[in-house]
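The values are calculated or read from the model by the stated rules, or taken from the named source; none is laboratory data. Here the structure is a predicted model, which means the values were calculated and not measured. Every residue, glycine as well, gets a Cβ built from its backbone with ideal geometry; the counts of neighbours run over all protein chains shown.
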């Protein structure tokens with residue numbers, strides 16, 4: 001099973017939920033941090049990293065000896081990433097989406113592909129927990145291809161927990177797509193509610209069953225609960241605001257370690273998710 | 001004209017609440033919400049929309065089943081696995097590269113332009129505002145960020161205003177990069193947590209990479225004074241201007257629930273006093 005943890009609004013507690021859920025279970029678990037722009041799960045998990053892989057994406061290189069300046073590459077590229085100016089062809093690697101169109105269309109066979117570094121993937125563990133982390137290179141604009149590479153590390157047969165980035169655009173979709181359940185984490189404030197509506201919209205487009213966690217549940221107002229009810233989204237857990245929780249989070253401590261009573265709650269959360277997912281699968285079958 | 005872009009790296013540090021508080025204090029400015037993926041500033045500023053425009057960007061392939069002979073050329077070329085075995089394009093997986101459209105021997109593929117969001121010019125009780133909203137699950141957020149900043153700038157020029165205050169997106173990827181180019185300064189609103197510091201370090205490296213001068217303030221500083229000091233030490237080492245500290249103050253949430261800035265809610269609160277001091281220093285640094 002793959003559970004992705006998303007939120008719409010940033011800073012609502014995705015990473016807190018992902019990391020605490022991951023360490024609370026006896027099952028074999030792998031945790032994938034797909035918030036590759038600002039990955040934080042490692043700060044709490046403190047894994048032993050065994051392997052670091054550099055991830056690249058193919059971008060064009062032009063052999064000017066073979067190029068006939070026919071401009072077909074320039075014409076096919078939707079991203080203005082290869083431009084013919086006078087007697088030269090300029091590839092703009094940072095704009096390239098790696099579709100391979102220019103190489104395919106070139107009648108002279110003048111284009112080959114080299115790699116542009118997207119970032120790295122770190123692989124490690126903490127006790128029995130397998131930990132995988134993507135880290136976008138500073139200055140790199142495109143996170144979805146790195147997120148897809150992180151997700152290629154998913155192992156069938158184990159429980160995979162994905163910490164997704166905030167928002168509702170392509171990086172979030174790349175993190176949630178083809179997961180079995182989306183756990184949405186929000187806070188009961190106008191900003192939290194507004195962004196939750198967008199996140200539920202995105203999850204509905206993908207057609208994935210989902211549930212809600214309300215963090216800092218006693219700050220703000222009741223509109224998030226009312227909205228969840230009106231949409232039929234189950235509230236699976238509430239985490240009250242507690243200055244002790246906030247302070248221990250600030251130091252990088254895990255909630256289930258500083259307050260062990262939470263371990264049982266995260267296990268119960270997982271069982272609820274299992275029930276919803278298996279119920280849904282039976283419904284489909 | 002000067003443009004202050006407020007970013008944070010990590011989400012939820014209080015970037016938009018602090019920016020809204022600046023809106024109460026700043027004069028002769030245009031507000032710009034460039035966090036197009038999850039725009040929230042309008043929840044405080046309550047804009048009345050004067051102009052509404054579609055944001056058209058990017059294309060998606062659609063296979064015309066009447067013309068398709070299922071030769072498989074498109075599936076062979078598509079690097080996004082966006083075309084199913086029965087030759088239907090998954091619009092979410094489609095990157096909009098047009099390779100299938102270009103090479104289809106039957107010319108069976110359409111490649112229409114997408115409308116993937118909207119942008120607005122509005123009036124607010126704080127002055128004019130340019131804002132945008134990207135459609136759910138859409139792409140091209142960076143382009144919309146660039147567009148809305150240009151529109152904000154135009155608006156300021158038309159109205160003879162000399163400051164643009166822009167709410168930037170979280171993270172360090174495409175929309176953040178698009179929010180940095182040409183900015184006078186970025187203010188990084190951080191929080192004193194291990195995550196807040198880690199993310200602030202990465203986003204300040206991004207600002208340095210694009211050579212935009214950075215400033216930092218620490219929100220909720222009293223939640224962890226040691227982490228606050230670490231953030232400030234990092235800033236000093238990197239020549240990032242320190243703009244001060246804001247205490248953890250429930251007034252931010254209370255004001256937000258009522259759709260107000262903290263100055264409208266309680267201008268004598270600790271939070272309001274701290275933000276006022278930061279704003280005073282900021283306008284000196286910006287020279288407005």
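For the reader, a short list of remarks on this structure follows.
- Close contacts from the stretch B:40-66, counting a first residue that is within 14 Å of chain A (Cβ to nearest Cβ) and more than 26 Å from residue A:166 (Cβ to Cβ) and a second that is assigned to a loop (DSSP other than H, G, I, E, B) and modelled with pLDDT of 95 or more, with Cβ to Cβ under 6 Å and a gap of 6+ residues or different chains, come to B:59/B:96; B:59/B:111; B:61/B:94; B:61/B:111.
- Residue in the stretch A:179-200 that is under 17 Å from the mean Cα position of the chain (by Cα), within 11 Å of chain B (Cβ to nearest Cβ) and over 27 Å from residue A:43 (Cα atoms) present: yes
- Output for the stretch A:222-240, where each listed residue is buried (at least 16 other Cβ atoms within 10 Å of the Cβ) and assigned to a loop (DSSP other than H, G, I, E, B): A:233
- In the stretch A:5-37, residue farthest from residue A:124 (Cα to Cα) [restricted to those that are away from chain B (no Cβ under 14 Å) and in a strand (DSSP E or B)]: A:29
- Checked against (1) closer than 23 Å to residue A:169 by Cα; (2) assigned to a strand (DSSP E or B), residue B:4 passes all but condition (1).
- Of all residues in the stretch B:149-160, none are closer than 16 Å to residue B:33 by Cα, modelled with pLDDT under 95 and either assigned by TED's automatic domain parsing to the domain that holds residue B:178 or touching a strand residue (DSSP E or B) at 6+ places or on another chain (Cβ under 8 Å) (or both).
- Of everything listed in (1) within 17 Å of the chain's Cα centre (by Cα); (2) more than 22 Å from residue A:191 (Cα to Cα), the single unmet condition for residue B:141 is (2).
- Test: residue in the stretch A:248-259 that is within 14 Å of chain B (Cβ to nearest Cβ), at negative phi, without any contact (Cβ under 8 Å) to a residue 12 or more places away in the chain and crowded, with 17+ Cβ neighbours inside 10 Å: yes
- Any hit, the stretch B:231-242, residues being buried (at least 17 other Cβ atoms within 10 Å of the Cβ), within 14 Å of chain A (Cβ to nearest Cβ), at pLDDT 95 or above and under 14 Å from residue B:13 (Cα atoms): yes
- The set of residues in the stretch B:82-110 being surrounded by 14 or more Cβ atoms within 10 Å (Cβ to Cβ), more than 10 Å from chain A (Cβ to nearest Cβ) and in contact with a helix residue (DSSP H, G or I) (Cβ under 7 Å, 6 or more places away or on another chain) consists of B:83, B:104, B:109.
- The set of residues from the stretch B:162-196 being part of a strand (DSSP E or B) and within 12 Å of another protein chain (Cβ to nearest Cβ) comprises B:167, B:189, B:190.
- Residue within the stretch B:98-115 that is under 25 Å from the mean Cα position of the chain (by Cα), outside any helix (DSSP H, G or I), on the phi > 0 side of the Ramachandran plot and not assigned by TED's automatic domain parsing to the domain that holds residue B:140 present: no
- Some residue of the stretch A:187-210 being assigned to a strand (DSSP E or B), in the same structural domain as residue A:140 (by TED's automatic domain parsing) and farther than 26 Å from residue A:265 by Cα: no
- Residue match in the stretch B:70-81 (condition: within 26 Å of residue B:36 (Cα to Cα), within 11 Å of chain A (Cβ to nearest Cβ), in contact with a strand residue (DSSP E or B) (Cβ under 9 Å, 6 or more places away or on another chain) and surrounded by 18 or more Cβ atoms within 10 Å (Cβ to Cβ)): no
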